[in-house]
1. Specify whether the C-alpha gyration tensor of region 184-315 places it in the rounded, prolate or oblate class, a ≥ b ≥ c being the square roots of the eigenvalues: rounded for a/c under 1.5, otherwise prolate if a/b is larger than b/c and oblate if not.
2. Under 8 Å for C-alpha pairs, at least 6 residues apart: give me the relative contact order for region 32-144, rounded to a whole percent.
3. How far apart, in nm, are the 7 Å Cα→Cβ label points at residue 87 and residue 46?
4. For residue 86, list the lysines whose Cα falls under 24 Å from its own Cα; do not include residues on the same chain fewer than 8 positions away.
5. Roughly what percent of Cα-Cα pairs across region 49-206 reach past 22 Å?
6. Please report the orientation-averaged projected area of region 306-401, defined via the convex hull of its C-alpha atoms, in nm².
7. When the chain is fully extended, how far beyond the present Cα-Cα distance does residue 240 get from residue 385, taking 0.36 nm per residue of separation?
8. How much length, in nm to one decimal, is gained on full extension between residue 369 and residue 344, taken as 0.36 nm per residue of separation minus their Cα-Cα distance?
Amino acid sequence: MDLPQTTTPLDIVIAGAGIAGTSAAIALRLSGHNVRLLERVAAMAEVGAGLQVSANAGHVYAALGMGEALVTRSVPPDQWIVRLGKSSERLTAFALGRPHLEQHGFPCCNIHRADLQDILLTRLDEVAPGALHLGSEVTGYDEDDRGASVRLANGQSLRCDLLVAADGVRSPIRRQILGPDRPEYSGNIAWRSVIPAERLPRDFMADDHAAWVGPGRHMIMYWLRNRELLNVVGLVESDIDAEESWTVQADWHEFKRDFEGWHADVQTVIDASDRDTCYRWALNIRQPVHNWRSERAVLIGDAAHPMLPYLAQGAAAAVEDAAILMRVLADPGDVPAALERFQKTRTPRAARVVESANRMRHINHMSDEGELRQAIAKSADLFADRDTWLYNYNPMTAPLA
Ligand SMILES: Cc1cc2nc3c(=O)[nH]c(=O)nc-3n(C[C@H](O)[C@H](O)[C@H](O)COP(=O)(O)OP(=O)(O)OC[C@H]3O[C@@H](n4cnc5c(N)ncnc54)[C@H](O)[C@@H]3O)c2cc1C
């Protein structure tokens, strides 16, 4: 696919080299802008966890030259299968892989985050060598009619035409634009663990996307990296005081306790989890906001639309942002007008995704088993509905506001 080429290259500083910032840097560079990608950490660390990439995001990776690598390094799930946590009774199952590809033109991919990060950083190095600056923490910015001055923690200030804030949920730029953050604890915590296949029984499970459900909790399992690793996420209603952080280790015994009495397969994955690498974090709700910009700065990714993980769409929405930002900036005229167009295009869709993820929280965790069965019986309809607005969206061609 030919990407739009700008006639007026801008100097763009991007804060944060996560999925949002790195894909934006690649997209903006490929359409002719000069980019500097500033990342706070001194060395990029691997996050051991899986990520689902649906077609709405897949189209962007493909357009930016990463589609083949993404597909090759992923495991496509065959079917979505839901079982009762205690008995393993199969509540529903329907094909996921083939219909997704046939309807939306890109497969559903389950990939290790470290592999996706490697694909992104390799591509960045190809298209914008030297653009990534590690150990560069952005603390804020000033702006005037002609551009922005980005402030760094080391006292430096960088001048640019535009600041793109892709610095995640605790973004200082988000605070500067929106004021103090007001997260509300969702009542749910999430466990994550990635288990080497050799620790599990042979043929432990098929290439499915498996959800084990029960009152107040559920567990998701799927294969990663050529089926060498099993990704496990356990979501539990809890009133413990946990941190909102991907990297906080927690006591394996508590993980075990949270799924006590559940089926032997669930116990097998918990028992096979590394005692020292079980992570737990608190899931917070932030209501959608519709102001993502000032005159010379704009929020993307989790900095713009943090969401609960129940739709597996946070990273997908981040790459949608990157594509739309590239398109509105191809012929920017004046930068604030382009940012306004970006905001008008993106905020309604992002709000819909955030609100849908919030609703899923209730569906996944019904306290009554009868209600849970009814909700699960309708989950094929829920997926079919997502085919009509979520997965069928192509950010490379969708209308701009
Ligand atoms: C349990 C769970 C499962 C999920 N599963 C999925 C899934 O299957 N599919 C999906 O699409 N999404 C999923 N998500 C959501 C997804 O992980 C996030 O939405 C996505 O990673 C956000 O990317 P980001 O680049 O916006 O932010 P981040 O990943 O937070 O990256 C921000 C970057 O900015 C850097 N940074 C921070 N502050 C500064 C600063 N001041 N200056 C410079 N750099 C800074 C950080 O070090 C980091 O590198 C899941 C989330 C959770 C919690």
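Bear in mind these aren't lab numbers, they're just calculated from the coordinates by the rules spelled out. Computed from a predicted structure; not experimentally measured. Methodologically, a virtual Cβ is constructed for each residue, glycine included, from the backbone with ideal geometry; neighbour enumeration extends over all protein chains shown.
1. Cα axes put region 184-315 in the prolate bin.
2. Taking the mean separation of contacting Cα pairs over the length of region 32-144, I get 43 percent.
3. In this crude spin-label approximation the distance works out to 4.1 nm.
4. Output for residue 86: 256, 378.
5. 64 percent
6. 6.5 nm²
7. The span from residue 240 to residue 385 would gain 48.7 nm if fully extended.
8. Gain on stretching residue 369 to residue 344: 4.8 nm.
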